[in-house]
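What follows is a single structure, written as structure tokens, with notes after it.
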Amino acid sequence: MEETNYHFDVSPAALPGALARHSQFFTSPLFEPSCTERELNAVDSEFRRNLQLDVRRLFQLGKATSDPGHAYRKFGTGSKESLGAKDVRERLLKWYGEHYSANLMKLVVVGNRKSGAFI
């Protein structure tokens, strides 16, 4: 509930280039307005799809009945309306500036290592 994980598969020979490209998501994100709008629409679509899922209803029930103030009770998903389509990009940039910092992140590379296969 408090972590975001990113993962991908790549051949060992392509690992250096893949890590260099993937790191750009964190060091130099574009936050293009059109991409922000597209992502907001994707979040809204996922929210609407989940409304009818029993497992999602049970999840929300668990959150709603957890102890007040507990992190589990915090907001977990949203729609265009709840996220507020107005100034969402500016709020996203602010959130990125406050939460995306190297000292708050960890990198793990998992694979089968053969001599000389990795950097």
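Bear in mind that the values in this text are calculations on the coordinates, not laboratory data. Predicted, not measured: the structure shown is a model, and the values here were computed from it. In this analysis, Cβ positions are derived from the backbone assuming ideal geometry, glycine residues included, and neighbour counts consider all displayed protein chains.
Table for the structure above
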read-out: The chain, helix-only ellipticity at 222 nm - DSSP H runs n ≥ 4, -39,500 (n - 2.57), divided by all residues, nearest 500; value: -15000 deg cm²/dmol
read-out: Per-pair calculated FRET efficiency, R0 = 25 Å: residue 30 and residue 107 via Cβ, rounded to 0.05; value: 0.75
read-out: Within the range 1-48, chymotrypsin sites (Phe, Trp or Tyr not before Pro) in DSSP loop having at most 16 other beta-carbon neighbours inside 10 Å; value: 6, 8, 31
read-out: Listed residues 43, 109, 88, most fluctuating in the chain (Gaussian network, C-alpha, under 10 Å); value: 109
read-out: Candidate lysines for bridging to residue 106, where Cα separation is under 28 Å - those fewer than 8 sequence places away on the same chain excluded; value: 63, 74, 94, 114
read-out: Under DSSP loop assignment and at most 11 Cβ neighbours within 10 Å, longest trypsin sites (Lys or Arg not before Pro)-free interval of the chain; value: 1-73
read-out: Using a Förster distance of 22 Å, the FRET efficiency for residue 46-residue 81 (Cβ separation, nearest 0.05); value: 0.95
read-out: Cα long-axis angle, helix 88-99 against the chain (0 to 90 degrees, to the nearest 10); value: 60
read-out: Vicinal HN-Hα couplings computed from phi for the range 41-46 (Karplus, 6.51 cos²θ - 1.76 cosθ + 1.60; Hz; Gly/Pro x); value: 5, 5, 4, 4, 4, 5
read-out: Computed Rg/Rh of the chain, alpha carbon atoms with Kirkwood Rh; value: 1.04
